[in-house]
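Worksheet: the structure to be examined is printed underneath.
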Amino acid sequence: MSSLSVSASGAAADAIGRHVPALVDDSVASRLFSQDATLWGPDAESESRIRLSWVDLPRSSRPLVGEIAALRASFAEEGLDHVVLCGMGGSSLAPEVICATAGRPLVVLDSSDPDYVRRALGDDLEHTVLVVSSKSGSTVETDSQRRAYEQAFRDAGIDPASRIVVVTDPGSPLDQESRGKGYRVVNADPNVGGRYSALTAFGLVPSGLAGVDVEALLDEAESVADLLAADDDANPGLRLGAAMGGTDPLRDKLVLVDDGSGIVGFADWAEQLIAESTGKGGTGVLPVVAGGDDDPEVKWPADDVTVARLVAADAEFEPADGTASEVRVGGALGAQLLLWEVATAVAGRLLGINPFDQPDVESAKKAARALLDQGTGASEDPAATDGVIEIRSLGGSGDWLGGAQTVPAALDALFAQLDPRGYVAVMAYLDRLADADLAECRVPLALRTERPVTFGWGPRFLHSTGQFHKGGPAVGVYLQVTTAPKEDLSIPGRAFTFGDFIASQAGGDAAVLADHGRPVLQLHLTDHDAGLAQLREVLVAGIPA
């Protein structure tokens, strides 16, 4: 039996006291679990009607347990135990957390970076099982990764049909194509959106094939389902939703910090769920993934920040000091997955937005595709070149870059555009494993700007905070880092390469941000290694003692 705990102090506690009684009076919890599509207003009703099956997943996903076990046993007999997942957004983030928490190896391929893809292709192909996850199959990243693996299998004398498992919606183009090729196909519930799909086939198939006990995960979720469906002041989903979306004035930065939860990487999954669900219509809650209590966003008494502390299920409540706003959340992984989904839906109601669409994610995809269709010719001439880094600026008001000729001066110009209640988003279109230490710039930049800083790996973040960047409050500034790949990689059957594709994704993302009036500083590394060394030095300079 799992349990959940949600306790709060400061403004978060005030929000719970102010909103939960009304949510109970309006029967929001029971209506949510009866899949009432009217909870978010008339404009959201058509989308909500086909996106609410996730509330029943702890029970409706049970038939998958045996199906996954049989698949795993079949692969084990053939000595296939290296599981690779091709998927983006919710299709990859949930399995990554589930497997990491269970201590089971899973390779997540959620990048278009040619060096990243090449390394995955060269890693134990002989024992590889490939899971291809996409609702429709139209996600270009996942389609490109699948094509690359199919070719690699053939080149190694391996029949792709013996190694590939496809997870997709029933009747989708990918479903039909995959069955025609003789691939194993597992259908997911079509009435669940990607970021709410942790307990569907998208979350369970790769996790189960990697050796996770997915039945236990469903047990954890099912044991709290009735609690989360209850119209009661103690309902943890209502309490967390009110703390997230009900502070007054709205604290629209939610700093996620792990404090002994035992769940590995949960904040990265929650970041995608919250940012993509709430960041639209000029409002929303920006999740900021912090490394620990020493991070500045956790220590600041900022009046636009709530700290969400992820604790062990049996942790005792310790109220935050002073007037800080804090919520402490504990529970087993399966229970927490369902809890945060409920809370995000409740927060969406309080914010007055549709938590199930993602209009600006789609706009960035279209912009990237347009750049690919036009061909990927030379970029616009840089405003300046500093060492091996080209400097370009887009969006914002007027010529905010001014005459900046160096990277430090360009950063100063970008940060001068920061709203007093703003944030900095670092968007790195690089290899997130080989270049992982670049993410260490997040804390120095927060100290430098005295504002929350998010760090996202492109194109992964496009399915997460990318929606908030464009649809949320216009208070952010955006630092985009791109690079020339060490070696490009072709995509079988496509006229463009992985290098072309990731360049178009970065260009499309920047263009849509600029169209929304957001200031974007593009730093392009013409030499990968030398550029990273130069950039690291600049990003940690100028930090107050």
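The values are calculated or read from the model by the stated rules, or taken from the named source; none is laboratory data. Treat the numbers as computed from the prediction; the structure is a model and nothing was measured. Neighbour counts run over all protein chains shown; Cβ positions are idealised from the backbone, glycine included.
Quick check on segment 514-529. Is at least one of its residues within 21 Å of the chain's Cα centre (by Cα) and hydrophobic (A, V, I, L, M, F, W, C)?
Scanning segment 514-529 turns up at least one residue that is within 21 Å of the chain's Cα centre (by Cα) and hydrophobic (A, V, I, L, M, F, W, C).
Here's the yes/no breakdown for (1) part of a helix (DSSP H, G or I); (2) of a type in the set (D, E); (3) at pLDDT below 95:
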{"residue": "L430", "(1), (2), (3)": "no, no, no"}
{"residue": "V443", "(1), (2), (3)": "yes, no, no"}
{"residue": "F455", "(1), (2), (3)": "no, no, no"}
{"residue": "G466", "(1), (2), (3)": "yes, no, yes"}
{"residue": "P473", "(1), (2), (3)": "no, no, no"}
{"residue": "L479", "(1), (2), (3)": "no, no, no"}
{"residue": "T482", "(1), (2), (3)": "no, no, no"}
{"residue": "K486", "(1), (2), (3)": "no, no, yes"}
{"residue": "P492", "(1), (2), (3)": "no, no, no"}
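Within segment 382-396, can one find any residue that is buried (at least 24 other Cβ atoms within 10 Å of the Cβ), over 30 Å from G41 (Cα atoms) and modelled with pLDDT of 90 or more? Before the answer, list the steps.
Applying the first criterion (buried (at least 24 other Cβ atoms within 10 Å of the Cβ)) to segment 382-396 yields 389.
Of the ones still in play, those that are also over 30 Å from G41 (Cα atoms) are 389.
So of that shortlist, the ones also modelled with pLDDT of 90 or more come out as 389.
Within segment 382-396, one or more residues are buried (at least 24 other Cβ atoms within 10 Å of the Cβ), over 30 Å from G41 (Cα atoms) and modelled with pLDDT of 90 or more.
Given the criterion assigned to a strand (DSSP E or B) and either under 18 Å from the mean Cα position of the chain (by Cα) or more than 22 Å from V443 (Cα to Cα) (or both), identify the matching residue among L254, L273. If you could, list the steps in order and put the result at the bottom.
Details: L273 fails: assigned to a strand (DSSP E or B).
None of the others qualify; the one that does is L254.
S134 versus (1) in contact with a Pro (Cβ under 6 Å, 6 or more places away or on another chain); (2) crowded, with 18+ Cβ neighbours inside 10 Å: which is the lone unmet condition?
(1) is the only condition that S134 fails.
Report yes if A225 is touching a residue at least 40 places away in the same chain (Cβ under 8 Å) and surrounded by fewer than 20 Cβ atoms within 10 Å (Cβ to Cβ), otherwise no.
Values: touching a residue at least 40 places away in the same chain (Cβ under 8 Å): yes; surrounded by fewer than 20 Cβ atoms within 10 Å (Cβ to Cβ): yes.
Criteria met by A225.
Yes or no: D110 in contact (Cβ under 8 Å) with a residue 12 or more places away in the chain and not aliphatic (A, V, I, L, M)?
yes
Only one of (1) out of contact with any Cys (no Cβ under 9 Å at 6 or more places or on another chain); (2) assigned to a strand (DSSP E or B); (3) outside the structural domain of A270 (by TED's automatic domain parsing) is not met by V108, so which one is it?
(1)
Determine which single condition L411 fails, assuming it passes every other condition in (1) free of Cβ contacts under 8 Å to residues at least 40 places away in the same chain; (2) aliphatic (A, V, I, L, M); (3) buried (at least 20 other Cβ atoms within 10 Å of the Cβ).
It is condition (1) that L411 fails.
Considering only helices (runs of 4 or more DSSP H) fully contained in segment 304-420, which possess at least 1 residues that are over 25 Å from E276 (Cα atoms) and not polar (S, T, N, Q)? Don't jump to the end; show me each part of the working.
Values: elements: 333-351, 359-374, 407-415.
Those helices (runs of 4 or more DSSP H) span 359-374, 407-415.
Kindly indicate whether L447 is over 24 Å from the mean Cα position of the chain (by Cα), in a loop (DSSP other than H, G, I, E, B) and either hydrophobic (A, V, I, L, M, F, W, C) or within 24 Å of L109 (Cα to Cα) (or both). Explain how you work it out, then say what you get.
Numbers: over 24 Å from the mean Cα position of the chain (by Cα): yes; in a loop (DSSP other than H, G, I, E, B): no; either hydrophobic (A, V, I, L, M, F, W, C) or within 24 Å of L109 (Cα to Cα) (or both): yes.
The answer is no for L447.
Which residue is surrounded by the most Cβ atoms within 10 Å (Cβ to Cβ), if the candidates are limited to segment 67-103 and must be under 26 Å from A270 (Cα atoms) and of a type in the set (S, T, N, Q)? Steps first, answer last, please.
Looking only at segment 67-103, we keep the residues that are under 26 Å from A270 (Cα atoms), and these are 68, 83-103.
Add one more test, that the residue is of a type in the set (S, T, N, Q), and what stays is 91-92, 101.
Values: S91: 32, S92: 29, T101: 19.
For segment 67-103, the residue satisfying everything is S91.
Name the one entry in G241, G182 that is not polar (S, T, N, Q) and not assigned by TED's automatic domain parsing to the domain that holds A102.
Details: G182 fails: not assigned by TED's automatic domain parsing to the domain that holds A102.
Selected residue: G241, the only one of G241, G182 that is not polar (S, T, N, Q) and not assigned by TED's automatic domain parsing to the domain that holds A102.
Among the numbered conditions (1) buried (at least 21 other Cβ atoms within 10 Å of the Cβ); (2) touching a strand residue (DSSP E or B) at 6+ places or on another chain (Cβ under 6 Å), tell me where L64 comes up short.
(2)
State the number of residues belonging to segment 120-143 that are under 25 Å from G157 (Cβ atoms), in a helix (DSSP H, G or I) and either under 23 Å from the mean Cα position of the chain (by Cα) or not acidic (D, E) (or both). If you could, list the steps in order and put the result at the bottom.
The first filter runs over segment 120-143 and keeps only residues under 25 Å from G157 (Cβ atoms), leaving 120-132, 142-143.
Then drop every residue that is not in a helix (DSSP H, G or I), which leaves 120-121, 125-127, 142-143.
Within this subset, residues satisfying the condition of being either under 23 Å from the mean Cα position of the chain (by Cα) or not acidic (D, E) (or both) are 120-121, 125, 127, 142-143.
Total meeting the criteria: 6.
Check segment 26-46 and report whether any residue there is on the phi < 0 side of the Ramachandran plot, small (G, A, S), assigned to a helix (DSSP H, G or I) and free of Cβ contacts under 8 Å to residues at least 60 places away in the same chain.
Within segment 26-46, one or more residues are on the phi < 0 side of the Ramachandran plot, small (G, A, S), assigned to a helix (DSSP H, G or I) and free of Cβ contacts under 8 Å to residues at least 60 places away in the same chain.
Given the criterion under 23 Å from A370 (Cβ atoms), in a strand (DSSP E or B) and of a type in the set (S, T, N, Q), identify the matching residue among Q505, Q522.
Q522
Just to be sure before I move on: is A44 surrounded by 16 or more Cβ atoms within 10 Å (Cβ to Cβ), in contact with a Lys or Arg (Cβ under 8 Å, 6 or more places away or on another chain) and over 26 Å from V264 (Cα atoms) in the structure I sent? Spell out how you get there, then give the answer.
Numbers: surrounded by 16 or more Cβ atoms within 10 Å (Cβ to Cβ): yes; in contact with a Lys or Arg (Cβ under 8 Å, 6 or more places away or on another chain): no; over 26 Å from V264 (Cα atoms): yes.
No.
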